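Every number here is computed from the coordinates shown, using simple stated rules; none is lab data. Because the structure is predicted, anything quoted here is derived from the model rather than measured. Please note: Cβ atoms are built from the backbone with ideal geometry, for glycine as well, and neighbour counts cover all protein chains shown.
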Amino acid sequence: MTTHKLISCDSRELKQIPDRSVDLVVTSPPYPMIEMWDEVFVAQDESIRSDLLLGNGNSAFKKMHTILNSVWSECDRVLKESGFACINIGDATRTVNDVFRMYSNHTEIINFFFNHGYSVLPDIHWRKQSNAPNKFMGSGMYPAGAYVTYEHEYILIFRKGKKRTFQGEEKEKRQKSAFFWEERNIWFSDLWEVKGTSQNIKADKTNRNRSAAFPFEIPYRLVNMYSAEGDIVLDPFSGLGTTALACAASQRNSIGVDIDETMSALAMEQLMASKSQLNETICKRLQNHAHFIDELPEEKKQKCYSNTKHNFLVKTRQETEIRIDYIGRIEKENSCINVIYET
């Protein structure tokens, strides 16, 4: 069984979460200097509005990151030694005071974690290609006035302290949580081409008209890459609860925090109704592996190993203990949601 908590509060003060109790942080925060997020930052520092109105983009940018840094400080407090933080962030392009420029959000976040002693690990470019005919910015075909089209975001990866070690029961859970050889080859590439997800929210549900959610595949990969079965995963900007869904599908516990109470309620509704959707994800993962094995030449199949739980072939000995369970039922218990798995 896994437990999933969805909390409505300001992530700059995560009083409900004890020190060093979280194994992994996976999140996508509001992006500073992206206009749709201006009011979120202004609500926490009114002087940002004045900076934007007066054309002082640098000051507004720094103040927005000061707010995010308070959240990263709380993440540092609750994250265990050897834990990971994975942050999806895009840089911003914006014209302020008649000057067009890029605001490098990913640089600010890297600097925070570097200055707090984290190991900055190789990042991932999430490419979200657009085919819109007007996607190019600037003066058309003339030189010295056009700008590179920005079609990627960053997934930044940080480790707190030294490499994690696994002993006893934790070692067994790590072996059960291994990923397939072919998944490793895709997931640990530095370029992910993952289609975006719908941003629309029903107007009668919340005063926000866009969710800014990242697609399920992003947290699903990260949760499987950087945690083991039974670990606790925190998303301090949980929105519609995509990270919680990824954790439920991967047999990890989760804590989702959002400052908007209505978003937390929507996330809980979505998780409660997600059994079929998540079981389809689990089934697809197993089917993809079966298809990969079927496509191998016979001489390579003969060199494969047998998985003890599922009785299918796997490429390496490290995959022999993989166990992927379907969800049996999802139940609400007070302010938590419990996910029970079929064994």
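Taking amide H as placed 1.01 Å from N in the peptide plane, residue 154 has its amide H under 5 Å from the amide H of 89, 90, 91, 126, each at least 5 places away in sequence or on another chain. Loop-located GluC sites (Glu not before Pro) across segment 6-72 with a Cβ neighbour count of 12 or fewer within 10 Å are 13, 46, with loop assigned by DSSP.
Of the residues 253, 2, 283, the one whose Cα sits farthest towards the positive end of the charge dipole of the chain is 283 (charges of +1 on Lys and Arg Cβ, -1 on Asp and Glu Cβ, taken about the Cα centre). If only the Cβ of Lys and Arg carry +1 and only the Cβ of Asp and Glu carry -1, the dipole of segment 283-341 around its Cα centre is close to 60 debye.
So what is the relative contact order for the chain, in percent, with contacts set as C-alpha pairs under 8 Å and at least six apart? Don't jump to the answer; show the numbers that get you there.
Working: 621 pairs, mean separation 77.6, N = 343.
Relative contact order, the chain: 23 percent.
If you take the Cα centroid of segment 38-108 and the Cα centroid of segment 289-343, the two points sit 40 Å apart.
Its DSSP H runs of at least 4 residues, each contributing -39,500 (n - 2.57), put the calculated 222 nm mean residue ellipticity of the chain at -10000 deg cm²/dmol, to the nearest 500. The residues 116, 152, 289, when put in order of fewest to most other Cβ atoms within 10 Å, stand as 116, 152, 289.
Result for the chain in a Gaussian network model with C-alpha springs under 10 Å: among 53, 240, 68, the largest mean-square fluctuation is at 53.
By the count of neighbouring beta-carbon atoms within 10 Å, fewest first, 326, 226 end up ordered 326, 226. Recomputing Kirkwood radius over Cα pairs in Å from the coordinates shown identifies the correct label among (1) 21.6; (2) 22.3; (3) 26.1 as (1).
Its Cα centre serving as origin, segment 232-300 has a Cβ charge dipole (Lys and Arg +1, Asp and Glu -1) of approximately 160 debye.
For the chain, the share of DSSP beta bridges that are antiparallel, to the nearest 5, is 65%. Here the chain is treated with +1 on each Lys and Arg Cβ and -1 on each Asp and Glu Cβ, and its dipole about the Cα centre works out to around 720 debye.
Of the residues 29, 215, 297, the one that moves most in a GNM of the chain with alpha-carbon contacts below 10 Å is 297.
Using Cα pairs closer than 8 Å and at least 6 residues apart in sequence, work out the relative contact order for segment 283-341, in percent. Result for segment 283-341 is 19 percent. With 32 Å as the limit, the listed pairs 162/275; 5/315; 162/315 have 162/275; 5/315 beyond it between alpha carbons.
Highest GNM mean-square fluctuation among 23, 98, 260, for the chain modelled with Cα contacts below 10 Å: 98.
Each label point was placed 7 Å from the Cα along the Cα-to-Cβ direction; for residue 340 and residue 276 their separation is 2.1 nm. Cβ-to-Cβ counts within 10 Å put 19, 76 in ascending order as 19, 76, the fewest first.
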